[in-house]
Structure formats: C-alpha cells, structure tokens
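Below: the structure, in structure tokens.
The values are calculated or read from the model by the stated rules, or taken from the named source; none is laboratory data. Since we're looking at a predicted model, the values are computed, not measured. Quick reminder, even Gly has a Cβ in these numbers, built from the backbone with ideal geometry, and neighbours come from all protein chains shown.
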Amino acid sequence: MTGTALPFDRARLIALSGLDYLHATLAGEIAAPPIWGLMGITLLRVAPGHVVFRAIPGAEHGNATGTIHGGWYGTLLDAAMGCAVMTTVPAGANHATLEYKINITRVVRPGQEVEAVGRVQHGGRRTGVASGEINGVSDGKLYATGSTTCIVLPADG
C-alpha cells in the first residue's frame, strides 16, 4: 500500500472513473468497502473490464450445516462482477447491481483460499453485464459461477 487510505468519499467516487477509483483502492489510497473485510475479500488485480479478488472464508461465514453460507459466494461474486462493470464506468457516473445469479458447483471450506474473477461482457452507457467465477487457488477447481446486470447511473441519479 502507498500513502494513507482515505475513507469512502462520494465526491471522489464521482470525480474518478470506476477504473481509476479501483486502482486507487488497490494502491491503498482509498479504503476498501467494509464488507470486503467482513467477508475476507481482498482486491488483487484490476484491468479494464476485468478484476480478480482473493478470498478466504472463515468459520464465521458458515451456516447451520457447517458449510460456507451461500450468501458468502454471492457477496464475493457480486463484488467481482460489479467491480468488473465499474471499470467501464466513466467519471461523473456510478453503478448499482440490478440483478445477479450464482451457481455453486462445490463447497468451499473455512480457511480455503479462492480467487474470484469478474469479466465484463457488455459495458454500455446505461447498463453493464458481467460474468464471474470462483476457483480454488491450490486446486484450480471451479466452485461457483455467476452473472450480473448493473445499471449505470449519472452522478445526480
């Protein structure tokens, strides 16, 4: 990290393109959203239309059956896919998730390191569409997939 991370600042968010904002977050100049810390999520790489997160769920992310709660997968994929769309959003605009869908293909265990990749399929003036996947770092196996549609909002919207 370089410099001191600044807390969330809506004016700065709107002043920067989504790509620049995420680069500033990755560099530690802007604090990551608090939900990332709660969910064990770290931004690893950012490029136009593409982001990678690393994540390690803990026992606190478990459900009644002792496995990782489905909401954890959803939060991780929503972050990856939404941030991929964010890389296409110009300065003076913002974005929000309209809908997302996930498919869990195998169980992630507490303490298991995974990567989530988000890729833009369409980055338009009013909407963005992205896909995502969660893969095991040590085994390369697919753990979940997802898709999202985001709305691009003007700064005053």
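Among the residues making up region 20-66, those that are farther than 24 Å from Gln112 by Cα, out of contact with any Cys (no Cβ under 7 Å at 6 or more places or on another chain) and of a type in the set (A, V, I, L, M, F, W, C) are Ala24, Ala27, Ile30, Ala31, Ala47. Filtered by the rule that a residue be assigned to a loop (DSSP other than H, G, I, E, B) and surrounded by 18 or more Cβ atoms within 10 Å (Cβ to Cβ), region 27-48 gives a lone residue, Gly40. Is there a residue in region 113-126 that is of a type in the set (D, E, K, R), in contact (Cβ under 8 Å) with a residue 60 or more places away in the chain and farther than 16 Å from Gly49 by Cα? Yes - at least one qualifying residue is present in region 113-126. Residues that are part of a helix (DSSP H, G or I), farther than 17 Å from Ser17 by Cβ, among the aliphatic types (A, V, I, L, M) and within 12 Å of the chain's Cα centre (by Cα) are absent from region 126-148 altogether. When Gly71, Gly118 are checked against the criterion of being within 18 Å of Ser147 (Cβ to Cβ), at pLDDT 95 or above, assigned to a strand (DSSP E or B) and touching a helix residue (DSSP H, G or I) at 6+ places or on another chain (Cβ under 9 Å), Gly118 stands alone in meeting it. For Val114, the conditions (1) closer than 24 Å to Leu26 by Cβ; (2) surrounded by fewer than 13 Cβ atoms within 10 Å (Cβ to Cβ); (3) among the β-branched types (Val, Ile, Thr) are fulfilled apart from (2).
When region 74-115 is filtered for residues that are assigned to a loop (DSSP other than H, G, I, E, B) and either among the hydrophobic types (A, V, I, L, M, F, W, C) or within 23 Å of Val137 (Cβ to Cβ) (or both), the ones remaining, listed by number, are Thr87, Val89, Ala91, Thr105, Arg106, Val107, Val108, Arg109, Pro110, Gly111, Gln112, Glu113. State whether one or more residues within region 75-85 are farther than 12 Å from Thr149 by Cα and in contact with a His (Cβ under 7 Å, 6 or more places away or on another chain). No, because not a single residue in region 75-85 is farther than 12 Å from Thr149 by Cα and in contact with a His (Cβ under 7 Å, 6 or more places away or on another chain). Filtering Ala79, Ala91, Ala55, Ala84 for residues that are hydrophobic (A, V, I, L, M, F, W, C) and out of contact with any strand residue (DSSP E or B) (no Cβ under 9 Å at 6 or more places or on another chain) leaves a single hit, Ala91. Just one of the listed residues (Leu26, Leu44) is without any contact (Cβ under 8 Å) to a residue 40 or more places away in the chain, among the aliphatic types (A, V, I, L, M), in contact with a Lys or Arg (Cβ under 8 Å, 6 or more places away or on another chain) and more than 17 Å from Leu153 (Cα to Cα), namely Leu26. Picking from residues in region 134-146 that are surrounded by fewer than 21 Cβ atoms within 10 Å (Cβ to Cβ) and in contact with an Asp or Glu (Cβ under 9 Å, 6 or more places away or on another chain), the one that is farthest from Ala84 (Cα to Cα) is Ser138.
A single member of Asp20, Asp9, Asp78 is closer than 23 Å to Pro154 by Cβ, more than 14 Å from the chain's Cα centre (by Cα), modelled with pLDDT of 95 or more and of a type in the set (D, E, K, R), and it is Asp20.
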